[in-house]
Structure formats: C-alpha cells, structure tokens
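Heads up, the thing below is written out as structure tokens.
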Amino acid sequence: MDALWKIAVRNVFRHRRRTIITGIVMMVGIGIFILYDSILAGLDRLSIDTMVSYSSSFMKLRTPEYVANEAGTPLDYGIADPEAAMATLAKAVPALEALAPRTLFIAQASNYEDAEPALSAAVDPEADAKVFGLASSIAEGAWLRNGAGREAVVAAGLAKELGLKLGDGLLLSARTVYDNENADEYRIVGIADDSLSLNGAPSVYLSYADARALLGEALPITEIDASAPRASSLETALAASAKAASLAGAALPSLRADPLGEFAKEYLAIKDSKQKASYMIVFMILLIAAVGIVNTILMSVYSRVREIGVLRAYGMTPRDIRSLFSREGLVIGAIGSLAGLVLGGALVLWSRQGIRLSAFFGGIDLGAFPMNGLLYGEVRPATYAVGLAFGLLASWFAARIPARRAGRLDPAEALKFV
Amino acid sequence: MAILQLAKVSRSYRKGESEVKALDAVDLSIDKGEFLAIVGPSGSGKTTMLNILGCLDSPTEGTIVYDGTELHGLGEAGLSAYRRDRISFVFQSYNLIPVLTVRENVELPLVIEARARGRREAKSDREIKALALEMIEAVGLAGKAGRFPRELSGGQEQRVAIARALVKKPLVVLADEPTANLDSRTAGEILDLMREINEAMGATFIFSTHDKLVMERARRIVALHDGRIASDSGAPAGARP
C-alpha cells in the first residue's frame with residue numbers, strides 16, 4: 001500500500017471515536033436517502049398500479065370524437081363495432097392480456113333524501129374483472145354478476161356520503177341515449193374500498209344489462225380497456241403501454257389508443273419534482289456530514305502539527321500533505337458511505353415486506369397521488385451508486401479544506417508546535 | 001572540504017512593531033564528517049541556525065552553499081527536494097509517526113524519496129525494506145522492527161529516530177537537543193551510537209544543545225550569543241576531507 005494511504009487509513013482507525021461519529025452521520029444520511037428513494041419509487045409504482053387497476057387501465061381505446069368531448073361523458077360517440085375492434089386489437093397487440101368494454105356516464109345517485117352526482121360505469125362484469133382490479137377490492141359484499149339484475153357496486157366514499165349500506169336501495173337517474181331523463185332503483189351488492197374514492201375512478205358500477213334498461217337499449221360502448229402483465233418497473237410499463245398504443249392505433253386507425261402515460265401525465269410531472277426534492281434532502285444530509293468531515297480532519301490536522309513538520313522536514317511537499325489529509329477524509333467518507341449502503345439496503349429490505357399506507361395517510365385525500373394498500377419499496381441499484389458517489393465526493397471535497405490548511409503549515413513552525 | 005558554507009547569513013523576524021535579529025551576519029564553514037555542537041543560551045539563535053541549515057527556513061540576508069550548490073532562490077519545491085535528498089533530522093521528542101511500525105518509520109525517508117523520483121528511478125520496496133532492517137540492526141533494535149513507537153522506551157524511540165535519519169545516507173544530520181528527554185545513561189549510549197555512525201558512515205552531525213554530554217563528545221563547538229558566533233573551537237583534523 002502506498003505510504004500516504006497507509007498513514008491515512010491507520011490514522012482514521014487510530015481516532016476511532018471521531019471516525020465513528022462522522023461515519024454514523026454519513027451512514028444515516030445515505031441510508032435515509034436510499035430508503036427515501038426506494039419508497040418514492042415504490043409510491044410511483046403503487047400510484048400507477050392503482051391507476052391501471054381502477055381507472056386508466058393499461059391502454060384505452062376510444063373514438064377521437066369521444067376523447068374531444070370526454071369531460072361530458074357523451075353517449076353519442078360509441079365505438080362502431082366493438083366486438084370486431086376487440087378481435088383486431090387482440091391480434092395486433094399480442095402483449096395484451098385481456099380486453100373489456102366500458103361506458104361511462106354521469107348519474108344522480110340518491111338515497112331518496114339526498115342526491116350526489118356520480119361518475120358511473122356500465123361494465124361487462126366478467127371481462128371487467130380480468131382487466132381492472134375492482135372485483136378483488138370489494139370491501140363488503142361482492143362484485144357484479146351477469147344476469148343478476150338491478151345490482152350496483154358503489155365506492156366506499158359515495159356510500160359514506162349518502163349513508164348507504166350493503167343491501168340498501170340506490171336510486172339512479174341519468175340522461176338516456178334518447179336525450180330524456182330516466183331513473184331506476186338498484187340494490188347495493190358490493191362496496192368497493194377507498195381506492196375508488198381517491199383516484200377519480202367511477203363511483204357506481206352497473207352491468208350492461210342494467211345500464212341498458214336505464215339508459216336505453218342503444219347504449220353504445222364508448223371505450224375498450226386493455227390489461228397487460230405487470231412490468232418489472234414503472235419505466236418498462238410506460239414504454240410497453242406506449243408501444244401497445246402505437247400498434248393499436250395502426251391496426252384501428254379510426255379509433256384513438258391512449259397509453260398509460262397519457263393518463264398519468266399529471267402524476268409523472270409531480271414525480272419529477274419529488275425526485276428533485278429527494279436529491280435536495282440527500283444534499284442537505286451530506287452537507288451536514290461534510291461539516292462533520294471538515295471538523296474531524298481539522299482536529300486531525302491540529303493534533304498532528306508536529307507530525308506534519310516531520311514529514312515536511314523529510315521532504316514531503318505541501319501537495320503530499322494535502323493529499324494525505326484528503327485521503328483521510330476519503331477513507332472516513334468511504335466507511336460512512338459503505339455503512340450507509342448497508343443501512344439503506346436493510347431499510348429497503350424492511351420496506352419490501354409491505355408498508356400499509358393507511359397507517360401514514362389514512363383518510364387523507366392526496367389528490368393526484370392515488371395511493372392505497374400496501375407500499376413496497378423498490379430496489380434501485382442506481383440509487384446505491386449515486387449514494388456512494390455522493391458520499392465519496394462530499395467527503396473528498398470537505399477534506400480538501402482542512403487539508404489545504406495542513407499543506408500551508410510552515411515546517412519550522414510546525415516542528416516547534418507543542 | 002567544506003560541505004556547508006554560511007556567508008554573512010542573517011535572519012530577522014518581525015515581532016509587533018520591532019524587528020528581532022535571530023542570526024546576525026554569521027559566517028561558518030562545516031566540513032564533511034564533522035561532529036559539531038552549536039551551543040548557547042536560549043534565544044541565542046541555535047534553533048534558527050539549525051532551521052536554516054536544515055532548509056526549513058531561509059535567511060533574510062547572506063548565502064548558503066550546500067555541497068557546492070547555492071541554496072538562495074531554490075523556492076519551496078527546491079528546498080523540499082534538497083531536504084529529501086541530503087538532509088536528515090533527529091528531534092528532541094523523537095517525532096516518530098505513531099501509526100507506523102519501527103520498520104515503516106525507518107523506511108519513511110526512502111519512501112518519500114521513491115514517491116518523488118517515480119517508479120523507474122526509485123529503489124524497489126524490497127530494497128527499501130532491506131536497507132531499513134539493516135539500519136534498525138545497526139542501532140541495536142533488531143527484533144523490534146514490527147513494534148509501534150508506543151511500545152518502545154524513550155531511548156529506543158530515539159534510536160529509531162537515528163535509524164530513520166541515517167537510512168538514506170544523508171550528507172548532514174541535524175539533531176535538535178536529541179538527548180534532552182533521555183536519562184544520562186541512555187543519553188550517553190545514544191551519543192556514543194551517533195559517534196560510531198559518524199565515524200563509520202562519515203555523515204556530518206550538527207547538534208543544537210545545552211547538554212554537557214553532547215559537548216564532551218563533540219569534536220567542534222560553535223557558541224552563539226545574540227545571533228552571532230561568540231566562539232568556535234574550529235574544525236578538528238579528524239573531519240573527513
């Protein structure tokens with residue numbers, strides 16, 4: 001080992017207490033950064049998964065006219081031949097797992113005393129359960145069944161708002177395809193969990209048979225939703241969805257295929273700001289650790305002034321002395337950073353057991369953050385590399401300040417130092 | 001032949017508003033192989049003289065010629081190189097590097113030299129180790145090469161310091177009060193060791209001291225008073241040509 005490294009490493013271990021204290025600051029900083037980044041990535045994943053499971057699906061196929069007027073959920077722009085379109089789609093995009101038709105409409109939901117406007121969906125219960133995650137998120141009761149008649153599933157939020165319970169009657173009124181108003185009563189057979197209340201998904205679900213009875217036999221299918229196997233990462237899912245939409249658009253030029261990224265736009269924009277915030281946090285923590293390193297190396301310089309004098313007397317240049325103390329900083333930084341990687345890894349491992357978000361955000365509407373259920377931290381090797389590089393660079397630069405001071409010491413004065 | 005010549009060397013320091021002259025127009029010529037003691041009361045300029053001889057400080061006036069080379073205007077890098085290649089030091093409080101073993105301390109001057117010279121011109125690690133072990137044996141510490149300074153007595157530490165000073169075969173060894181921290185028996189042993197090495201290797205030894213033991217063994221004594229040479233016993237005939 002080079003003599004400077006030997007002296008640097010041994011001095012770092014000679015002053016164990018100083019090294020341990022500075023190393024701990026560094027370790028905690030980098031450990032928290034890794035966990036924070038992993039949880040952010042996990043949140044991103046969970047948010048997008050929730051979106052895919054409850055509202056946007058993996059890819060959505062609609063007519064361009066419908067998309068242009070989508071805010072009003074019009075019933076005038078249905079897909080001309082949905083069966084043929086689904087067959088074409090299944091052939092053109094083999095990556096798709098399942099397809100399901102849906103028709104969204106606005107209804108007034110009432111308990112006979114109060115009424116609330118509710119985004120509602122006509123669905124094919126069996127096909128819908130293969131594309132969306134609704135069937136498995138029923139908190140009370142069960143999902144819709146084909147041919148059962150006059151059944152509805154409502155979101156927990158709407159049920160709470162109207163004071164409705166499982167088995168209660170729900171009065172729905174809406175504008176029909178013939179442009180008149182119609183109303184009918186349905187029995188609540190299922191109440192879905194909070195997921196539906198938080199992400200703008202429909203609050204009332206009816207089977208196509210019931211919806212046609214309410215809105216008219218000519219009720220069109222306004223969208224075809226698709227699902228695909230869960231991708232290994234968010235980036236992969238977005239890329240796969242974009243590719244599927246492009247293939248679908250080419251196969252069905254009269255329809256518009258929107259990928260997942262289109263629905264997650266708002267969320268993805270916020271995700272970038274969160275990423276910046278995470279780097280700010282690590283910067284602040286490493287700044288604190290850097291101050292610790294400056295302090296530790298300064299203490300080291302002042303406790304070894306005579307040693308510096310001896311090394312200079314024997315011909316070491318100021319540059320050698322600077323290099324010696326910079327290396328000490330780097331060794332402390334490396335110890336702290338590596339310990340930080342271990343701590344971060346352990347915390348991420350813990351987070352992968354699943355963190356129940358309701359324990360942190362229970363009952364809070366996070367707007368553009370559709371987060372529900374269990375959060376699993378994501379393992380992101382790049383974050384470990386960034387943490388290590390940040391730690392080493394911060395300690396190297398922090399050590400340069402006292403190292404420069406050591407290099408400037410006059411050898412004759414240093415030898416006199418008591 | 002003079003290995004070291006000081007001509008009209010002065011060194012002044014500013015102390016507040018006033019100027020203090022630590023050395024005042026000193027002329028001194030030192031031959032190769034001398035065993036010389038610089039003596040004088042505190043504040044007489046002994047340490048300043050030793051620092052200037054050791055290239056740790058530069059004179060404000062006058063010239064120094066070291067083995068035919070005029071040191072004036074060498075600059076920081078040049079002085080570092082001069083110290084590295086030709087001068088060694090023995091300090092009052094030994095000043096061994098506490099995190100290095102005896103062998104590593106003795107190797108240090110050679111390692112510093114090797115770092116400066118680069119891989120091609122430098123001695124190999126094996127050569128450096130062999131030279132260090134040879135020198136450790138010469139100062140009577142064979143078997144203690146793997147010890148750390150904290151495991152040695154004061155006399156043993158000073159022996160290591162001497163080995164460190166001599167391992168690179170310097171032209172001059174400057175010793176600042178080398179016996180001040182030792183009991184008289186150990187001090188006598190250390191001085192005898194230095195004399196033996198001086199005679200065997202021909203290295204020039206220059207001491208700054210108050211110690212009678214040193215003065216008794218020195219072949220030449222230069223007394224300083226108020227920054228001037230008050231007396232000089234002169235170079236003995238025994239100094240090497």
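The values are calculated or read from the model by the stated rules, or taken from the named source; none is laboratory data. Model, not experiment: these values are computed from the prediction. A quick note on method: Cβ atoms are made from the backbone with ideal geometry, for glycine too, and the neighbour counts reach across all protein chains shown.
Results for (1) of a type outside the set (A, V, I, L, M, F, W, C); (2) touching a residue at least 40 places away in the same chain (Cβ under 8 Å); (3) not assigned by TED's automatic domain parsing to the domain that holds A:Tyr186, shown as yes or no for each residue.
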{"residue": "A:Ala68", "(1), (2), (3)": "no, no, no"}
{"residue": "A:Glu83", "(1), (2), (3)": "yes, no, no"}
{"residue": "A:Ala95", "(1), (2), (3)": "no, yes, no"}
{"residue": "A:Ala98", "(1), (2), (3)": "no, yes, no"}
{"residue": "A:Phe105", "(1), (2), (3)": "no, yes, no"}
{"residue": "A:Gln108", "(1), (2), (3)": "yes, yes, no"}
{"residue": "A:Phe132", "(1), (2), (3)": "no, yes, no"}
{"residue": "A:Gly147", "(1), (2), (3)": "yes, yes, no"}
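Checking B:Lys15 against (1) surrounded by 14 or more Cβ atoms within 10 Å (Cβ to Cβ); (2) away from chain A (no Cβ under 13 Å); (3) over 20 Å from A:Arg312 (Cα atoms): exactly one of these is not met. Which one?
Status for B:Lys15: all satisfied but (1).
Residues in the stretch A:315-329 that are crowded, with 23+ Cβ neighbours inside 10 Å and either over 12 Å from A:Asn11 (Cβ atoms) or out of contact with any Phe, Trp or Tyr (no Cβ under 8 Å at 6 or more places or on another chain) (or both): how many?
The number of residues fulfilling the criteria is 7.
Run B:Arg164 past the list (1) surrounded by 15 or more Cβ atoms within 10 Å (Cβ to Cβ); (2) touching a Lys or Arg at 6+ places or on another chain (Cβ under 8 Å) and report the number of the one that doesn't hold.
Single failed check for B:Arg164: (2).
If I filter the stretch B:105-117 for residues that are over 21 Å from the mean Cα position of the chain (by Cα), away from chain A (no Cβ under 13 Å) and among the charged types (D, E, K, R), do I get at least one hit?
No; the residues of the stretch B:105-117 include none that is over 21 Å from the mean Cα position of the chain (by Cα), away from chain A (no Cβ under 13 Å) and among the charged types (D, E, K, R).
Consider the stretch B:18-43. How many of its residues are of a type outside the set (Ser, Thr, Tyr), part of a loop (DSSP other than H, G, I, E, B) and over 22 Å from B:Ile197 (Cα atoms)? Give the derivation first.
From the stretch B:18-43, those of a type outside the set (Ser, Thr, Tyr) are B:19-28, B:30-41, B:43; that's our starting set.
The next check asks that each one be part of a loop (DSSP other than H, G, I, E, B); those that pass are B:32-34, B:40-41, B:43.
Going one step further and asking which of them are over 22 Å from B:Ile197 (Cα atoms), we end up with B:40-41, B:43.
Of the residues in the stretch B:18-43, 3 are of a type outside the set (Ser, Thr, Tyr), part of a loop (DSSP other than H, G, I, E, B) and over 22 Å from B:Ile197 (Cα atoms).
Take the stretch A:264-302 and flag every residue that is in contact with a helix residue (DSSP H, G or I) (Cβ under 8 Å, 6 or more places away or on another chain) and closer than 18 Å to A:Ser233 by Cβ.
A:Ala264, A:Tyr267, A:Leu268, A:Lys271, A:Lys274, A:Gln275, A:Ser278
Considering only residues of the stretch A:291-300 that are buried (at least 23 other Cβ atoms within 10 Å of the Cβ) and among the polar types (S, T, N, Q), which is farthest from A:Arg18 (Cα to Cα)?
So the residue we want is A:Ser300.
Residues of the stretch A:284-336 being aromatic (Phe, Trp, Tyr) and either in contact with a Cys (Cβ under 6 Å, 6 or more places away or on another chain) or under 23 Å from A:Leu388 (Cα atoms) (or both), which ones?
Taking the stretch A:284-336 as the starting set, the residues that turn out to be aromatic (Phe, Trp, Tyr) are A:302, A:314, A:325.
Selection gives A:Phe325 alone.
Considering only residues of the stretch B:41-96 that are aromatic (Phe, Trp, Tyr) and within 14 Å of chain A (Cβ to nearest Cβ), which is farthest from B:Ala161 (Cα to Cα)? Steps first, please.
We begin by selecting, within the stretch B:41-96, every residue aromatic (Phe, Trp, Tyr); these are B:66, B:82, B:89, B:91, B:94.
Retained after the next criterion (residues that are within 14 Å of chain A (Cβ to nearest Cβ)): B:82, B:89, B:91, B:94.
Details: B:Tyr82: 20, B:Phe89: 8, B:Phe91: 8, B:Tyr94: 6 Å.
Checking each candidate, the answer is B:Tyr82.
Just checking, does the stretch A:320-342 include any residue being aliphatic (A, V, I, L, M), at pLDDT 80 or above and under 27 Å from A:Ala237 (Cβ atoms)?
Taking the stretch A:320-342 as the starting set, the residues that turn out to be aliphatic (A, V, I, L, M) are A:321, A:324, A:330-332, A:334-335, A:338-339, A:341-342.
Within this subset, residues satisfying the condition of being at pLDDT 80 or above are A:321, A:324, A:330-332, A:334-335, A:338-339, A:341-342.
Okay, now just the ones that are also under 27 Å from A:Ala237 (Cβ atoms), so none.
No - not one qualifying residue is present in the stretch A:320-342.
Filter the stretch A:379-418 for residues that are within 14 Å of another protein chain (Cβ to nearest Cβ) and not in a helix (DSSP H, G or I); which is surrounded by the most Cβ atoms within 10 Å (Cβ to Cβ)?
The qualifying residue surrounded by the most Cβ atoms within 10 Å (Cβ to Cβ) is A:Leu409.
Looking at the stretch A:155-163, is at least one residue under 17 Å from A:Ser53 (Cα atoms) and either small (Gly, Ala, Ser) or in a helix (DSSP H, G or I) (or both)? Lay out the reasoning, then the answer.
Taking the stretch A:155-163 as the starting set, the residues that turn out to be under 17 Å from A:Ser53 (Cα atoms) are A:155-156.
Now drop any that are not either small (Gly, Ala, Ser) or in a helix (DSSP H, G or I) (or both), which leaves A:155-156.
Checking the stretch A:155-163: at least one residue is under 17 Å from A:Ser53 (Cα atoms) and either small (Gly, Ala, Ser) or in a helix (DSSP H, G or I) (or both).
Looking at this structure, is A:Ser303 within 25 Å of A:Arg17 (Cα to Cα) and at pLDDT below 85?
Numbers: within 25 Å of A:Arg17 (Cα to Cα): yes; at pLDDT below 85: yes.
Spelling it out, A:Ser303 is indeed within 25 Å of A:Arg17 (Cα to Cα) and at pLDDT below 85.
When you scan the stretch A:289-300, do you find a residue that is touching a residue at least 60 places away in the same chain (Cβ under 8 Å), within 14 Å of chain B (Cβ to nearest Cβ) and either closer than 30 Å to A:Ala183 by Cα or part of a helix (DSSP H, G or I) (or both), even just one?
yes
Take B:Arg150 and decide whether it is within 14 Å of chain A (Cβ to nearest Cβ) and within 16 Å of the chain's Cα centre (by Cα). Full working, then the answer.
On the way: within 14 Å of chain A (Cβ to nearest Cβ): yes; within 16 Å of the chain's Cα centre (by Cα): no.
Answer is no for this residue.
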